[in-house]
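Asker: Sharing a structure, written as structure tokens. Questions coming.
Read the figures in this text as sums done on the coordinates, not as results from a lab. Since we're looking at a predicted model, the values are computed, not measured. Quick reminder, even Gly has a Cβ in these numbers, built from the backbone with ideal geometry, and neighbours come from all protein chains shown.
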Amino acid sequence: MSNLERLINIMARLRGPAGCPWDKEQTHQSLKPYLIEETYEVLEAIDRNDDSEIKEELGDLLLQVVFHTQIASEENRFTIDDVAETITDKLIRRHPHVFGDTQADTPDEVIKNWEAIKAEEKPDKKASLLDGVPQHLPSLLKARRLQEKAARVGFEWEHIADVAQKVREETEELIHARESGAIEKIQEEFGDLLFALVNLARFLQICPEEALIQTNRKFQSRFRYIETELCKKGKTPHESTLEEMDALWEAAKKETQPQKS
């Protein structure tokens, strides 16, 4: 018996009559937060470049797949074998340049073929090209995917300078909105600015979600440095001035800068 088969059997037992009370009461809906959480934990493990941790977190994510398919199989809807068959067939169908006679020599050609095949597979399911973007994606990632979808049909800026100018325009519009004091307008313009920044990130070939994750980590690291240094003086941030904390912030920046050789 393979380890995958063991996992499937264990999940079936956990959901069985003599199984775990918690596992038995779970549904597709109740498990949604865990699926999202486990996905992000895989990403964090990848960022830490720790093979042992990546292996463990991928296992936790695989458990979610097995859990959902077990629930479905109990209702005679589909099994994990059906899931594997569906993705296997899809991979073969959407890679005709590997399994067929279609020519695709660049990643862009592969994506173009993928989208065309996808549209042929589900002609009646989507009223818009953008309907294929999952609704529950994080907002920065979703903005990027929407822009990518539109760009594939030519709805795209030609030059990065135009994108940068759009960012400047949206910044000005946000400032003007703030002067008006209308909260709804300020929020709208702030959203427009974020959308423009995501577009700029796309032109710079960086992921805005990853960029913000890195900045969040950097902020956490530097603020913890402030807390640590203040603690050495017997103080807390609540008992300190902005000037004190700002000086420590600058010190933290120097601590994290790469040393010149």
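Asker: Taking amide H atoms as placed 1.01 Å from N in the peptide plane, list the residues 5 or more away in sequence, or in a different chain, whose amide H sits under 5 Å from that of Phe78.
Answerer: So Phe78 has HN proximity to Ser73.
Asker: Could you work out the local net charge near Asn9, counting Lys and Arg as +1, Asp and Glu as -1, over the other residues with Cβ closer than 15 Å to its Cβ? Before the final figure, lay out each step's value.
Answerer: Numbers: positive: Arg6, Arg13, Arg15; negative: Glu5, Asp23, Glu74, Asp81.
Net charge in that neighbourhood comes out at -1.
Asker: Going down the table (Lys233/Lys254; Lys218/Lys253; Lys218/Lys254; Lys142/Lys218; Lys32/Lys149; Lys55/Lys142), which pairs top 18 Å between alpha carbons? Don't skip to the answer; put the middle values down first.
Answerer: On the way: Lys233/Lys254 20 Å; Lys218/Lys253 9 Å; Lys218/Lys254 12 Å; Lys142/Lys218 24 Å; Lys32/Lys149 26 Å; Lys55/Lys142 27 Å.
Check vs 18 Å cut-off fails for Lys233/Lys254; Lys142/Lys218; Lys32/Lys149; Lys55/Lys142.
Asker: May I ask you to list the aspartates and glutamates whose Cα is less than 18 Å away from that of Lys185, ignoring any residue fewer than eight positions away on the same chain?
Answerer: Glu169, Glu170, Glu172, Glu173
Asker: Please give, to one decimal in nm, the separation of the simple spin-label points placed at Asn3 and Thr79, each 7 Å out from Cα toward the Cβ.
Answerer: 2.3
Asker: Restricting the calculation to Cα positions, tell me the Rg (one decimal) and the Dmax (whole number) of segment 210-256 in Å.
Answerer: That works out to 11.2, 36 Å for Rg and Dmax.
Asker: Sticking with this one: Roughly how compact is segment 126-261, stated as its Cα Rg over 2.2 N^0.38 Å to two decimals?
Answerer: Values: Rg = 20.1 Å, N = 136, 2.2 N^0.38 = 14.2 Å.
This ratio for segment 126-261 stands at 1.41.
Asker: Something else: Taking only C-alpha pairs under 8 Å that are 6+ residues apart, what is the relative contact order of segment 126-206 in percent?
Answerer: Values: 48 pairs, mean separation 26.6, N = 81.
Over segment 126-206, the number comes to 33 percent.
Asker: Work out which trypsin sites (Lys or Arg not before Pro) in the chain are exposed loop sites (DSSP not H, G, I, E or B, at most 16 other Cβ within 10 Å) and give the longest gap free of them.
Answerer: 153-232
Asker: Across all directions of projection, what mean area in square nanometres is found for the Cα convex hull of segment 126-206? Walk me through the numbers before you get to the answer.
Answerer: Working: hull surface 24.5 nm².
Orientation-averaged projected area of the Cα hull: 6.1 nm².
Asker: Of the cross-linked pairs Lys112/Lys166; Lys90/Lys112; Lys90/Lys118, which ones have a Cα-Cα span greater than 19 Å in the structure shown? Write down the numbers at each step before the final one.
Answerer: Working: Lys112/Lys166 27 Å; Lys90/Lys112 16 Å; Lys90/Lys118 9 Å.
From the list (Lys112/Lys166; Lys90/Lys112; Lys90/Lys118), the Cα-Cα distance tops 19 Å for Lys112/Lys166.
Asker: Also: Suppose a student asked you for the relative contact order of the chain, using Cα pairs under 8 Å spaced at least 6 residues apart; what percent would you report? Could the numbers behind the result be given before it?
Answerer: Numbers: 141 pairs, mean separation 24.2, N = 261.
Across the chain, relative contact order equals 9 percent.
Asker: Can you tell which of Thr228, Ala196, Leu212 lies farthest toward the positive end of the dipole of segment 154-261, using +1 and -1 charges on the Cβ of basic and acidic side chains (Lys, Arg; Asp, Glu)?
Answerer: Thr228
Asker: What are the principal axis extents of the Cα atoms in the chain, in Å, biggest first?
Answerer: 64, 52, 50
Asker: Here's something else I'd like to know. Can you list the GluC sites (Glu not before Pro) in segment 1-69 that are in a DSSP coil and have 13 or fewer other beta carbons within 10 angstrom?
Answerer: Passing sites in segment 1-69 are Glu25.
Asker: For the pair Leu91/Leu137, report the inter-label distance in nm, with labels modelled 7 Å from Cα in the Cβ direction.
Answerer: Going from the Leu91 label point to the Leu137 one covers 2.2 nm.
Asker: For segment 88-176, what value does the Rg/Rh ratio take when both radii are computed over Cα atoms and Rh is the Kirkwood radius, given to two decimals?
Answerer: Numbers: Rg = 17.0 Å, Rh = 15.7 Å.
In segment 88-176, Rg relative to Rh is 1.08.
Asker: Right, something else. Starting with the fewest neighbours, write out His97, His68 ranked by other beta-carbon atoms found within 10 Å of each beta-carbon.
Answerer: Numbers: His97 14, His68 20.
By the 10 Å Cβ count, ascending, the order reads His97, His68.
Asker: Above 23 Å lies some portion of the pair distances; for segment 3-92, what is it as a whole percent of all C-alpha pairs? Display every interim value, and only then the final one.
Answerer: Working: 1209 of 4005 pairs.
The proportion of pairs with Cα distances above 23 Å equals 30 percent.
Asker: At what distance in nm do the modelled label points of Glu56 and Lys118 sit from each other, each positioned 7 Å from its Cα along Cα→Cβ?
Answerer: Modelled inter-label distance: 3.4 nm.
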